[in-house]
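Notes for the one structure printed next.
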Amino acid sequence: MITIECKILDIRSSDPTVMISKNTASRLQLRHDEIVSLKNQNREMVAGPAVVQGIIEDNRIGLSEKDALWLGVVDGDLITVLARKPPMSYDFVKRKFEDVTPWTQNEISTIVNDISKRRYTSTEVASFALVSQFRGYTSFEMEEMSKAMAEAGTQFDFKEPTFGKHSIGGIPGNKITPVIVPIVAAAGLLIPKTSSRAITSPSGTADTMEVLAEVEFQPEEITEIAPKSRGMIVWNAPLQLSPLDDIVIDVKRHLGIDPQDQMLASIVSTKIAMGINNLVFDIPTGQGSKMPDRNKAINFAHTLIGLCRGVGIRVEAALTLGEQPLGYSIGPALEAKEALEVLEGGGPNSVIEKSVDLAGILLEMGGLAAGGSGADVAMDILKSGKALAKFKDIIEHQGGDPKITSADVQVGTYQQTLTAPKDGYVVGIDNKSVNNIAKAAGCPKDKESGIVLHARQGDYLHQGDPLFTIYSVSESKLSLASQTALTQSPMMLEGMIIRRIGSIPEKKI
């Protein structure tokens with residue numbers, strides 16, 4: 001073990017990597033394939049050393065900006081470096097590949113603590129993800145995993161009943177959070193909503209809200225602002241609610257897996273950390289959603305309800321239609337614009353109906369509406385303009401312009417409308433293709449890019465009628481999105497007769 005000066009370098013690597021000179025490596029008695037442990041006060045992480053010549057001076061260690069930020073060091077700070085031994089908790093992970101005996105509370109706590117403190121290499125994190133995928137968790141393991149993950153991160157206590165909404169996502173244009181939060185907050189309930197940025201979709205809720213206001217806040221800021229505004233919509237990453245989830249999510253993406261039990265534990269852990277007592281859970285189901293099989297969606301809901309009850313959260317799950325995009329607009333700015341239109345008294349019926357139904361469940365949980373009447377109360381709040389006024393108050397508290405209207409939201413200046421090639425009914429809208437077109441146009445990075453649908457499933461179109469319009473901030477991305485649309489055909493048109501199958505023999509000539 002040595003204490004050594006650190007230097008911030010332009011190191012770009014998916015895994016933590018440090019650069020050291022050959023002489024420094026010898027001093028540490030390190031081989032090039034060994035892993036080192038870096039420590040600074042109560043922060044630590046493991047990293048792979050890159051032994052180099054001429055890039056870093058002797059008796060210094062090079063770190064990336066990202067890793068330096070995690071460790072809380074700047075150029076010239078001293079950092080402790082030592083040869084690393086695999087943590088004992090990794091033995092628990094390896095054991096479960098052959099032995100299905102449930103982990104104990106102590107084993108779960110140790111695993112979560114070690115991963116959260118970045119004591120695992122990416123390979124070891126992958127082992128944890130894989131064993132979670134193929135072995136799954138018992139109900140006991142899910143509860144203990146949820147609690148341990150929450151305890152490893154930032155925790156809030158608002159000293160009053162707190163309400164939340166969550167969706168498993170996967171549906172383009174699911175911009176209901178900016179409608180639900182102000183409805184619930186206008187009724188006086190506290191709803192501090194944390195949301196993610198887009199991972200695989202054209203826009204995450206945080207991306208959409210960022211068009212209108214700031215979404216990056218420190219925990220102490222949320223503790224101060226939320227009780228005043230009664231509602232917030234913020235990005236969850238800076239809050240470190242569940243550090244393990246932030247670490248494991250990248251590995252899961254690379255492996256192409258998403259262990260259901262671990263996903264549930266991650267979701268519930270963030271609700272525990274935020275102090276959520278009452279939760280409505282949106283589960284879109286149907287072809288093209290994350291839950292295409294309705295029976296599996298129902299089983300998922302029952303598992304979620306059991307888990308939430310086990311950790312003391314009141315929850316109601318709602319299975320919702322997920323076979324096509326919600327509303328007409330997909331993309332950060334376009335979705336912010338459509339959400340504002342709903343609050344202003346317009347907007348698509350699908351967005352209005354889903355928003356008031358889910359908000360109504362929370363109002364019933366909060367004792368502000370009788371059972372079964374929550375949607376009506378939520379609709380009254382929406383139609384009265386109270387939700388719009390509350391949303392503008394939330395925008396102002398989050399550093400945005402409270403005078404903004406849907407007409408003020410800027411969208412991409414480059415646009416192209418594609419039309420129906422024939423007469424027919426819209427028999428299907430492919431969610432994946434819609435996502436791909438929007439991302440080709442520049443989403444989610446280019447917030448003004450996206451796609452606006454001009455028809456929904458069941459509509460009848462004539463040849464030449466508009467199908468959808470693509471918006472982009474650049475001509476080249478618009479061209480790419482248009483080509484994507486032509487090759488993937490997100491809208492399927494058919495006449496009432498799909499195919500003729502008959503017994504009339506062909507005439508012989």
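The values are calculated or read from the model by the stated rules, or taken from the named source; none is laboratory data. None of the values given here were measured: they were computed from a predicted structure. Cβ placement follows ideal geometry from the backbone for every residue including glycine, while neighbour counts extend to all protein chains displayed.
Check whether at least one residue in the range 406-427 is under 26 Å from the mean Cα position of the chain (by Cα) and part of a helix (DSSP H, G or I), and report yes or no. Even if it seems obvious, please write down each step before you answer.
As a first pass, look at the range 406-427 and keep what is under 26 Å from the mean Cα position of the chain (by Cα): 406, 409-412.
Subsequent filtering for residues that are part of a helix (DSSP H, G or I) retains 406.
So far as the range 406-427 goes, yes, one or more of its residues are under 26 Å from the mean Cα position of the chain (by Cα) and part of a helix (DSSP H, G or I).
Scan (1) among the aliphatic types (A, V, I, L, M); (2) at pLDDT 95 or above; (3) surrounded by fewer than 19 Cβ atoms within 10 Å (Cβ to Cβ) for the single condition Ala387 breaks and write down its number.
The number of the failed condition is (3).
Kindly provide the set of residues from the range 33-42 that are among the charged types (D, E, K, R) and modelled with pLDDT of 90 or more, ordered by number. Break it down stepwise before answering.
In the first step, residues of the range 33-42 are kept if they are among the charged types (D, E, K, R); the result is 33-34, 39.
Within the range 33-42, Lys39 is the sole residue that qualifies.
Of the residues Phe128, Phe156, which single one is buried (at least 23 other Cβ atoms within 10 Å of the Cβ), outside the structural domain of Ala375 (by TED's automatic domain parsing), out of contact with any Asp or Glu (no Cβ under 9 Å at 6 or more places or on another chain) and modelled with pLDDT of 95 or more?
So the residue among Phe128, Phe156 that is buried (at least 23 other Cβ atoms within 10 Å of the Cβ), outside the structural domain of Ala375 (by TED's automatic domain parsing), out of contact with any Asp or Glu (no Cβ under 9 Å at 6 or more places or on another chain) and modelled with pLDDT of 95 or more is Phe128.
Looking at the range 75-115, which of its residues are β-branched (Val, Ile, Thr), loosely packed, with under 13 Cβ neighbours inside 10 Å and under 31 Å from the mean Cα position of the chain (by Cα)? Before you say what the answer is, go through the steps one by one.
Of the residues in the range 75-115, the ones β-branched (Val, Ile, Thr) are 79-81, 93, 100-101, 104, 108, 110-112, 115.
Subsequent filtering for residues that are loosely packed, with under 13 Cβ neighbours inside 10 Å retains 100-101.
Matches in the range 75-115: Val100 only.
Of (1) without any contact (Cβ under 8 Å) to a residue 12 or more places away in the chain; (2) of a type outside the set (Asp, Glu); (3) surrounded by 16 or more Cβ atoms within 10 Å (Cβ to Cβ), Ala375 satisfies all except one. Which?
Unmet for Ala375, out of (1) without any contact (Cβ under 8 Å) to a residue 12 or more places away in the chain; (2) of a type outside the set (Asp, Glu); (3) surrounded by 16 or more Cβ atoms within 10 Å (Cβ to Cβ): (1).
What is the number of the single condition among (1) crowded, with 21+ Cβ neighbours inside 10 Å; (2) touching a residue at least 40 places away in the same chain (Cβ under 8 Å); (3) within 25 Å of Val356 (Cα to Cα) that Gln262 does not meet?
So the condition that Gln262 fails would be (3).
Give me the residue from the range 78-115 that is among the hydrophobic types (A, V, I, L, M, F, W, C) and more than 30 Å from Ser26 (Cα to Cα) and, out of that set, modelled with the lowest pLDDT. Spell out the reasoning first.
From the range 78-115, those among the hydrophobic types (A, V, I, L, M, F, W, C) are 78-79, 81-83, 88, 92-93, 97, 100, 103, 108, 111-112, 115; that's our starting set.
Filter once more, so that each one left must be more than 30 Å from Ser26 (Cα to Cα): 92-93, 97, 100, 103, 108, 111-112.
Working: Phe92: 97, Val93: 97, Phe97: 93, Val100: 89, Trp103: 97, Ile108: 98, Ile111: 98, Val112: 97.
Step by step, filter the range 78-115, then rank; the result is Val100.
State all residues of the range 7-50 that are surrounded by fewer than 15 Cβ atoms within 10 Å (Cβ to Cβ) and of a type in the set (Ser, Thr, Tyr); if no residue qualifies, say none.
Ser13, Ser14, Ser26
Select, from Val427, Val452, the only residue that is surrounded by fewer than 21 Cβ atoms within 10 Å (Cβ to Cβ), under 24 Å from Pro284 (Cα atoms) and either modelled with pLDDT of 95 or more or β-branched (Val, Ile, Thr) (or both).
Working: Val452 fails: surrounded by fewer than 21 Cβ atoms within 10 Å (Cβ to Cβ).
Answer to the check: Val427.
Given Lys228, Lys252, which one is under 27 Å from Glu144 (Cα atoms) and outside any strand (DSSP E or B)? Walk me through it before giving the result.
On the way: Lys228 fails: under 27 Å from Glu144 (Cα atoms).
Result of the check over Lys228, Lys252: Lys252.
When the residues of the range 394-407 are filtered to those that are in contact with a helix residue (DSSP H, G or I) (Cβ under 6 Å, 6 or more places away or on another chain) and farther than 14 Å from Val342 by Cβ, which remaining residue is surrounded by the most Cβ atoms within 10 Å (Cβ to Cβ)? Give the steps one after another, and end with the answer.
From the range 394-407, those in contact with a helix residue (DSSP H, G or I) (Cβ under 6 Å, 6 or more places away or on another chain) are 394, 397, 402, 406; that's our starting set.
In the following step, the residues that additionally are farther than 14 Å from Val342 by Cβ were identified as 394, 397, 402.
Values: Ile394: 28, His397: 20, Pro402: 15.
So, considering only residues that are in contact with a helix residue (DSSP H, G or I) (Cβ under 6 Å, 6 or more places away or on another chain) and farther than 14 Å from Val342 by Cβ, the one surrounded by the most Cβ atoms within 10 Å (Cβ to Cβ) is Ile394.
Among the residues of the range 240-249, how many are surrounded by fewer than 22 Cβ atoms within 10 Å (Cβ to Cβ) and either in contact with a helix residue (DSSP H, G or I) (Cβ under 7 Å, 6 or more places away or on another chain) or part of a helix (DSSP H, G or I) (or both)? Write out each step before concluding.
Restricting attention to the range 240-249, the residues satisfying the condition of being surrounded by fewer than 22 Cβ atoms within 10 Å (Cβ to Cβ) are 240, 243, 246-247, 249.
Filter once more, keeping what is either in contact with a helix residue (DSSP H, G or I) (Cβ under 7 Å, 6 or more places away or on another chain) or part of a helix (DSSP H, G or I) (or both): 243, 246-247, 249.
Count: 4.
Of the residues Val211, Val181, which is within 23 Å of Leu321 (Cβ to Cβ) and β-branched (Val, Ile, Thr)? So that I can check it myself, show each step before the final result.
Working: Val211 fails: within 23 Å of Leu321 (Cβ to Cβ).
Sole residue among the options that is within 23 Å of Leu321 (Cβ to Cβ) and β-branched (Val, Ile, Thr): Val181.
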